[in-house]
Amino acid sequence: MTYEGLAGKVAVVTGGAQGIGAAIVRALVNQGATVAAVDCNETFVEKPPQSLAENEETVHRFKCDVTEKESVDHLIQTIETTVGPIDILVNVAGILKIGAIHELSTEDWHATFATNTTALFYISQAISRFMITRQDGVIVTVGSNAAYIPRMNMSAYAASKAAATMFSKCLGLELAQHNIRCNSVSPGSTDTPMQRNMWKDDNGGQRVINGNEQEYRTGIPLKRIAEPTDIADAVLFLVSEKSRHITMHDIRIDGGATLGV
Ligand SMILES: NC(=O)c1ccc[n+]([C@@H]2O[C@H](COP(=O)([O-])OP(=O)(O)OC[C@H]3O[C@@H](n4cnc5c(N)ncnc54)[C@H](O)[C@@H]3O)[C@@H](O)[C@H]2O)c1
């Protein structure tokens, strides 16, 4: 499927080395966009772990820790001058720290918010200043369905994603007057390294689909774990002209796991 208005656009995708971020990089490049794929992964720039897209020459890799404000400001300036004026930002970089509240370390709490929430402020601020001067742009943030439902051992993650989703809406409200749209997507369990790290054995995926009554955890009514491309497809829609009248919205992509609440 071809989406109008993406060919020739410059997109920044954070967390682009693997999982959902890598799928979004591929999807954008396949639509004819030039993509600056950003990740803190050490080997990402020197020795890419996998081909990010068929059209490799339109993928530019940048190593950056998005929790470091100065690095982010420098990165965005560099992309603007070396790759081109940024039309699209997709915030994907995120981390998950598991632990019961009475045991979770202060470091894990702060690290979770630094990556999943505060980094959105840094990068959105840096990019929106350029977008405002051009009166054009679109921003999509990858949140999580954990923002909508309490989950055992995921307090920091869920709270940081709830904040991220609301930040995206506030950003959309402030930037609408500048012709900049801001939306988010909230995936449920998606087959990536982050998800598989939580699976204890080969039945890990099936257990997620079934749910867990002891932990008050719903299963997945559509009875499948999402593929990263399921998330990338929704992002393509939100960054394309097909969604030109949609802003401050969130699309849940979780096979019904949060029962639409
Ligand atoms: N996989 C799931 O089940 C799932 C469900 C809901 C939401 N999400 C969200 O989707 C996004 C992508 O998740 P994923 O499953 O692909 O995760 P992943 O761990 O497989 O990939 C995340 C990528 O982000 C990068 N990253 C992490 N911290 C960074 C930082 N400070 N600076 C730059 N890059 C950084 C990592 O190096 C990695 O390449 C995350 O925001 C995650 O919270 C994932």
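Most mobile of Gly211, Gly94, Gly16 per a Gaussian network model of the chain (Cα springs, under 10 Å)? With Cα springs under 10 Å in the chain, the top fluctuation among Gly211, Gly94, Gly16 is at Gly211.
Per residue, the Cα convex hull of the chain amounts to 130 Å³.
Between Gln77 and Thr229, the distance separating the two model label sites (each 7 Å from Cα on the Cα→Cβ line) works out to 4.1 nm. Among the trypsin sites (Lys or Arg not before Pro) in the stretch 182-232, those located in a DSSP loop and surrounded by at most 15 other Cβ atoms within 10 Å of their own Cβ are Lys200, Lys223, Arg224.
Compactness of the stretch 39-147, taken as the C-alpha radius of gyration over 2.2 N^0.38 Å, stands at 1.20. Kirkwood radius for the stretch 134-189, taken over all pairs of different Cα atoms as the inverse mean of 1/r, rounds to 11.9 Å.
Kirkwood hydrodynamic radius, computed over distinct alpha-carbon pairs, for the stretch 149-257: how many Å, to one decimal?
15.5 Å
Could you state, as a whole-number percent, how many of the C-alpha pairs of the stretch 18-92 are farther apart than 16 Å? So the portion of pairs separated by more than 16 Å is 47 percent. The mean sequence separation of alpha-carbon pairs under 8 Å and at least six residues apart, normalised by the residue count of the chain, gives a relative contact order of 20 percent. In a DSSP loop and with at most 12 other Cβ atoms within 10 Å, the chymotrypsin sites (Phe, Trp or Tyr not before Pro) in the stretch 159-259 are Tyr216. With contacts taken as Cα pairs under 8 Å and at least 6 residues apart, the stretch 97-170 reaches a relative contact order of 44 percent. For Lys69 and Glu241, the FRET efficiency from 1/(1 + (r/R0)^6), where r spans their Cβ atoms and R0 equals 25 Å, is about 0.15. Compute the separation of the alpha-carbon centres of the stretch 149-176 and the stretch 125-139 and state it in Å as a whole number. Centre-to-centre distance over Cα atoms comes out at 21 Å. When Asp254, Asp73 are arranged by Cβ crowding within 10 Å, least crowded first, meaning fewest neighbours, the order is Asp73, Asp254.
Seen against the Cα atoms of the chain and their longest principal axis, helix 69-82 is set at about 40 degrees. Structural descriptor for the stretch 117-261: relative contact order 29 percent, calculated from alpha carbon pairs under 8 angstrom and at least 6 residues apart. Model label points for His110 and Ala7, set 7 angstrom from Cα along the Cα-to-Cβ axis, are 5.0 nm apart.
Overall, the chain carries a charge dipole of about 540 debye about its Cα centre when +1 sits on the Cβ of Lys and Arg and -1 on the Cβ of Asp and Glu, all other atoms neutral.
Annotation: peptides 28-36, 180-188, 96-104, ranked by per-residue average of other Cβ atoms within 10 Å with the highest first, follow the order 180-188, 28-36, 96-104. Around the Cα centre of the stretch 1-124, unit charges on the Cβ atoms of Lys, Arg, Asp and Glu (plus for the first two, minus for the last two) sum to a dipole of about 200 debye.
Within the P(r) computed for the stretch 122-163, what percentage of the Cα pairs occupies the region above 17 Å? Counting every Cα pair in the stretch 122-163, those more than 17 Å apart make up 48 percent.
All of the numbers you see were taken from the coordinates with simple rules; none came from a lab. Keep in mind it's a predicted model, so treat the numbers as computed, not measured. Cβ atoms come from the backbone with ideal geometry, glycine included; neighbour counts cover every protein chain shown.
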